[in-house]
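**Student:** Before anything else, here's the structure in question.
The values are calculated or read from the model by the stated rules, or taken from the named source; none is laboratory data. Note that the coordinates shown come from a computational prediction; the quantities given were computed from them, not determined experimentally. We work out accessible area using only protein heavy atoms, side chains counted, and drop any ligands, DNA or RNA first. Shrake-Rupley method; radii C 1.70, N 1.55, O 1.52, S 1.80 Å.
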Amino acid sequence: MKTIEFYQINTFNNKLCKGNPAGVCPLDEWIDEKVMQSIAFENNLSETAFYVKYDDKFEIRWFTPTTEVDLCGHATLASAFVEFNIKGNLNDQITFNSKRGDLLVSIKNDLLTLDFPKDEYNKIDISHDLTAAFKTRPLEAYKGSSDIMLVFENETDIREMIPSLDKISQIKARGITVTAKGDSSDFVSRFFAPQSGINEDPVTGSAHTYLTPYWSKRLNKNTMIALQLSQRGGILKCKQNKKRVEISGNATLYLDGKITIDNTAKKHR
């Protein structure tokens, strides 16, 4: 038997039991992906990140309780928190290599900043399956690389929304982001992804790779404050930089421990 390190980091908030909790497992070498999926299922968090250091970069993968995803913001932020605050990485910026290319994370004081590629989004028709999933009809609908974004009239629509998770689970997308202009912030959002094993994600960093350019253009602002209106709540500072976006937030350590796995779970590079 062997053990691997495990950390649970709460991200995009600096209060206890707020923000989005992510599991983080730093590895010396890759283990079998079936084992990683089983660990993510056992953790039952929105995502569990696994990463391995190669040369001056870190390779990273993310798993929901039911599937692997090709981008996750909050678990990348959490992994960087582990490196900067627990593993003793003295650099002020680290690079994670992923299926979406290089993902940069920097630290300044207690603020962590994701530097991610902007997600292109295209307007789509408001189909029957979309209207059936939400009692309020959206004003606009867009499709990104893996998600659908629905724009509503105001923050109250987002805050009081009770969608049909069963109907959302039948829509072909990683998940559905609903958004509107904010009352006390620039914009607000929520994210539903029952088809990916997450009924409602507390705070979705990756969704802000298309929310940021959308609201930057609409509000004519490059720097914005966003709130994710889940029960746990999240606060994100977003900045539009041509083809990339910066998404900043705080993170805190909730717990650390060890996970015991069978030695046969090891997978060579």
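**Student:** Please enumerate the residues belonging to region 54-86 that are charged (D, E, K, R), more than 17 Å from the chain's Cα centre (by Cα) and modelled with pLDDT under 95.
**Tutor:** Result: D55, D56, K57.
**Student:** Might you let me know whether region 139-148 holds any residue that is part of a strand (DSSP E or B), under 21 Å from G249 (Cα atoms) and over 18 Å from the mean Cα position of the chain (by Cα)? Spell out the reasoning first.
**Tutor:** From region 139-148, those part of a strand (DSSP E or B) are 140-143, 147-148; that's our starting set.
Adding the requirement that they be under 21 Å from G249 (Cα atoms) leaves none.
For region 139-148, residues part of a strand (DSSP E or B), under 21 Å from G249 (Cα atoms) and over 18 Å from the mean Cα position of the chain (by Cα): absent.
**Student:** State all residues of region 1-27 that are at pLDDT 95 or above and among the charged types (D, E, K, R); if no residue qualifies, say none.
**Tutor:** Result: E5, single match.
**Student:** If I filter region 221-232 for residues that are more than 23 Å from G23 (Cα to Cα), open to solvent by 80 Å² or more (accessible area, probe 1.4 Å) and at pLDDT below 95, do I get at least one hit?
**Tutor:** no
**Student:** Can you tell me which of (1) over 14 Å from the mean Cα position of the chain (by Cα); (2) open to solvent by less than 10 Å² (accessible area, probe 1.4 Å); (3) among the small types (G, A, S) is the one S106 doesn't meet?
**Tutor:** (2)
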